Amino acid sequence: MADVKVGIIMGSQSDWSTMKEAAAILDELGVPFESRIVSAHRTPDRLWDYGKSAVSRGLQVIIAGAGGAAHLPGMMASKTRVPVIGVPVQTRALNGVDSLYSIVQMPRGFPVATMAIGAAGAANAGLMAVQILALTDPVLAARLDRWRSDLSASIPEEPSDD
Ligand code: RP5
């Protein structure tokens, strides 16, 4: 199997319906990834081990999604220099604004690249990961360029009724 360079982690099984949007983008663009449930609160030792071994395992980007008191992306960023892209999962009680604020307000020194709330944010996290890897992978860069121009070409110039 090709080297896994992207890790998708999430706080709970319930986050997967959102985070699979990132997985779908990585699949579409042929980027090998792993996906794991790693909770800052329920499995803190798993979080620590994942962050501690991220560099030595060759991960180059970590996409971390969580909802509510969404501490996973920030804690992961504190544990590894591998870039962390945060995805605020939409919550029922506060609509994901809680997740967004929990992820985006990092203290100076330990950044998390924070995406939009929900599915669009997860898909964009996948794309951002591909963009980072494409900086040093010309084949992937060409594939991404094609993907982007196909998307642009699919947008009609005029709106229709259906
Ligand atoms: C967070 O709590 C998770 O990231 C999830 O978004 C939220 C709710 O988790 P469950 O109660 O559905 O497991 O830790």
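The values are calculated or read from the model by the stated rules, or taken from the named source; none is laboratory data. Computed from a predicted structure; not experimentally measured. Cβ sites come from the backbone with ideal geometry, for glycine too, and all protein chains shown count toward neighbours.
Return a yes/no flag: does region 38-55 have any residue that is at pLDDT 95 or above, touching a strand residue (DSSP E or B) at 6+ places or on another chain (Cβ under 7 Å) and among the polar types (S, T, N, Q). Within region 38-55, none of the residues are at pLDDT 95 or above, touching a strand residue (DSSP E or B) at 6+ places or on another chain (Cβ under 7 Å) and among the polar types (S, T, N, Q).
Every condition in (1) among the hydrophobic types (A, V, I, L, M, F, W, C); (2) within 17 Å of A119 (Cα to Cα); (3) within 10 Å of the ligand (Cβ to nearest atom) is met by A22 except one, and the failing one is (3). Annotation: A40 fulfils all but one of (1) away from the ligand (no atom under 16 Å from the Cβ); (2) closer than 20 Å to A113 by Cα; the unmet one is (1). Being small (G, A, S) and either modelled with pLDDT under 95 or on the phi > 0 side of the Ramachandran plot (or both) is a description that does not apply to G121.
With respect to L26, determine if the residue is touching a strand residue (DSSP E or B) at 6+ places or on another chain (Cβ under 6 Å) and farther than 10 Å from G7 by Cα.
Values: touching a strand residue (DSSP E or B) at 6+ places or on another chain (Cβ under 6 Å): yes; farther than 10 Å from G7 by Cα: yes.
So L26 passes the test.
Search region 92-106 for residues being surrounded by 16 or more Cβ atoms within 10 Å (Cβ to Cβ) and hydroxyl-bearing (S, T, Y), and hand back the single one that is farthest from G68 (Cα to Cα).
Start the filter on region 92-106 by keeping residues that are surrounded by 16 or more Cβ atoms within 10 Å (Cβ to Cβ), which leaves 96, 98-100, 102-104, 106.
Retained after the next criterion (residues that are hydroxyl-bearing (S, T, Y)): 99, 102.
On the way: S99: 5, S102: 8 Å.
Within region 92-106, the match that is farthest from G68 (Cα to Cα) is S102.
Residues in region 74-109 that are within 11 Å of the ligand (Cβ to nearest atom) and at negative phi: how many? Of the residues in region 74-109, 11 are within 11 Å of the ligand (Cβ to nearest atom) and at negative phi.
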